[in-house]
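The values are calculated or read from the model by the stated rules, or taken from the named source; none is laboratory data. Only a predicted model underlies this, so the values are computations on that prediction, with no experimental measurement involved. With ideal geometry, Cβ positions are generated from the backbone for all residues, glycine too; neighbour counts draw on all protein chains shown.
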Amino acid sequence: MRIRYHDLGVSQDKVAHVVEREIRILEKKLADLDDDLKMLDITMEHQQRSGTYVAKLHLRIPGPDIVSRGEGHNPAQALRDAFADLYDEVERQVAKWRNEPFIRRARQHPSLAKPPVSLPEETEEEGEAPTGGQQ
């Protein structure tokens, strides 16, 4: 896979570890394609007015190009958001190639997942009348 960076006000050193990890995941999803058929453009911008970062990804593969965008308070967060959108579209495209149905999975970062809540069992005391009736 060929990768090109276009950064406007963002150092590549700050996001290199995130990009490397996400590229490994993306390459696994596109393992069926030859490396010379895949090219990814990464554009990072720092929005001075709002103080946020915007990551734009443009993946060129056979078929339609896939474009995604992510925003965040830091460059890594913006990249993760953009790659998450990109993965959804890649999975949709791969499902088309394989003539399989596409099932969109709910995206949630594992650290944000809430633990399952167990409800207390309701027990009725002996001799009490059910509430909610007429008086």
Please work out which residue is modelled with the highest pLDDT, limiting yourself to region 51-66 and to residues that are more than 21 Å from Ala16 (Cα to Cα) and not in a strand (DSSP E or B). Asp65
When both residues are 6+ apart or on different chains and their Cβ atoms are under 7 Å apart, which pairs have a first residue that lies in region 70-94 and is polar (S, T, N, Q), and a second that is surrounded by fewer than 19 Cβ atoms within 10 Å (Cβ to Cβ)? Gln93/Gly63
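Within region 87-116, how many residues are among the β-branched types (Val, Ile, Thr) and at pLDDT 85 or above? Spell out the reasoning first.
Step one: list which residues in region 87-116 are among the β-branched types (Val, Ile, Thr), which gives 90, 94, 103.
Cutting the leftovers down to at pLDDT 85 or above gives us 90.
Qualifying residue count, region 87-116: 1.
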Within region 21-40, can one find any residue that is crowded, with 17+ Cβ neighbours inside 10 Å, part of a strand (DSSP E or B), at negative phi and at pLDDT 85 or above? yes
Residues located in region 67-86, provided they are modelled with pLDDT under 90 and either touching a helix residue (DSSP H, G or I) at 6+ places or on another chain (Cβ under 7 Å) or at positive phi (or both): Pro75, Ala76
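What is the residue count in region 61-90 for residues that are in contact with a Ser or Thr (Cβ under 7 Å, 6 or more places away or on another chain) and among the β-branched types (Val, Ile, Thr)?
Taking region 61-90 as the starting set, the residues that turn out to be in contact with a Ser or Thr (Cβ under 7 Å, 6 or more places away or on another chain) are 71-73, 82, 85-86, 89.
Next, from what is left, pick out any that are among the β-branched types (Val, Ile, Thr): none.
Residues meeting the conditions: 0.
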So in region 1-20, with the set limited to residues that are at pLDDT below 75 and surrounded by 14 or more Cβ atoms within 10 Å (Cβ to Cβ), which one is farthest from Gly51 (Cα to Cα)? Met1
